[in-house]
Amino acid sequence: MNLEPAEFLSISDGGKQALKDARVALVENLVGSDQNQVQTILQPMQRGDEIYLKQLASETLTESCFDLFLQKDREQFWIGSEKLRTIMDGGFRTKSITEICGLPGSGKTQFCMQLCAFCQLPENVGKLSLYIDTNFGFTQNRYREICSSNGITSDIGPMVMRILSASQLIAAIKSMRDLLCNNENIKLVIIDSFSRPFLFKQTSSMLLSAVLMELQELALEFNLVVVITSQMTSKQTMDQSTKHQSTLRSSYSYYVNERLTLWQREQRQEIIFSKKSNIIGSANYQIKLDGLIVT
């Protein structure tokens with residue numbers, strides 16, 4: 001990820017002033033941004049500046065060699081909704097990290113419990129789940145309710161770990177290899193929420209990157225579906241409107257292969273599936289007794 005100060009870029013003084021006026025301090029602020037916003041920033045610039053910065057802004061919109069490598073020998077984790085499978089271009093797959101982000105109350109935890117219930121589907125026979133709960137949102141009563149509403153037995157539930165702090169989460173991830181070696185049927189790992197333990201702790205970028213890298217290595221080694229949830233924060237754009245973005249900053253987007261965003265807009269709830277910053281599919285959804293239902 002390019003963390004170069006925008007003022008050091010090889011562009012004209014007018015281009016640098018346009019970035020300064022738009023409060024773009026780092027190249028990272030452009031990379032992966034909303035393309036309409038990028039276009040607004042670049043519009044008054046000279047043609048050469050515009051082409052150069054568009055190229056920088058599109059850096060994370062392409063798949064890396066590692067992303068292409070992940071396509072090989074990946075298995076599908078079966079989910080009950082045909083509509084959701086269509087949106088996700090086939091659904092959840094192994095050897096990758098999928099982030100589910102959304103504002104509080106958008107249904108992230110409900111959906112995670114529903115994914116654990118899907119382990120009991122005939123297509124996923126023999127697969128078990130590990131649920132690392134930092135929000136203390138997982139409840140057995142709600143899990144059984146989701147299973148019952150989907151016609152699924154709740155006899156075999158997820159292995160649940162309660163985590164209180166960032167240090168405990170890091171320790172749990174570091175010790176996960178031994179757990180997975182002793183429980184080969186665990187194919188789904190959920191961390192709900194990954195971002196919460198780090199919200200009120202000054203965490204270095206290197207440490208957070210190392211934790212995500214460890215998760216990515218585990219997903220690859222044990223053929224896992226890894227799902228992490230994160231909160232969304234509000235950010236003021238240059239036109240004074242409010243933009244919501246994941247608390248996992250774009251500098252960590254390399255480690256997240258796919259993202260599901262749960263939006264709440266007035267009376268409508270929308271689920272959006274993207275790879276890097278490319279939107280693949282979207283649809284409306286509702287939270288009901290049987291979990292998150294795509295409508």
For this session: State the extension gain, in nm to one decimal, for the chain segment bounded by ALA172 and LYS20, taking 0.36 nm per residue of separation less the distance between their alpha-carbons.
Result: 50.5 nm
For this session: Indicate the gyration tensor shape class of the range 100-181 (rounded, prolate or oblate), computed on the Cα atoms with a ≥ b ≥ c the square roots of the eigenvalues: a/c under 1.5 is rounded; otherwise a/b larger than b/c is prolate and the rest oblate.
Result: oblate
For this session: Taking H placed 1.01 Å from N in the peptide plane, check which residues at least 5 places from ASN135 or on another chain put their amide H under 5 Å from its amide H.
Result: SER193
Exercise. Which entries in the list LYS83/LYS174; LYS108/LYS288; LYS108/LYS275 go over 24 Å, if you measure between the two C-alpha atoms of each?
Worked result: LYS83/LYS174
Seminar exercise, completed: FRET efficiency for ILE280 and GLU217 from the Cβ-Cβ distance with R0 = 25 Å, rounded to 0.05, comes out at 0.50
Exercise. Using θ = phi - 60° and the Karplus curve 6.51 cos²θ - 1.76 cosθ + 1.60, what whole-Hz ³J(HN,Hα) does each residue of the range 207-212 get, with Gly and Pro shown as x?
Worked result: 5, 5, 5, 5, 5, 5
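Each reported figure results from applying straightforward, stated rules to the coordinates on display, with no laboratory input. Note that this is a predicted model, so its numbers are computed, not measured. Ideal geometry is used to build each Cβ from the backbone, glycine not excepted, and the neighbour counts take in all protein chains shown.
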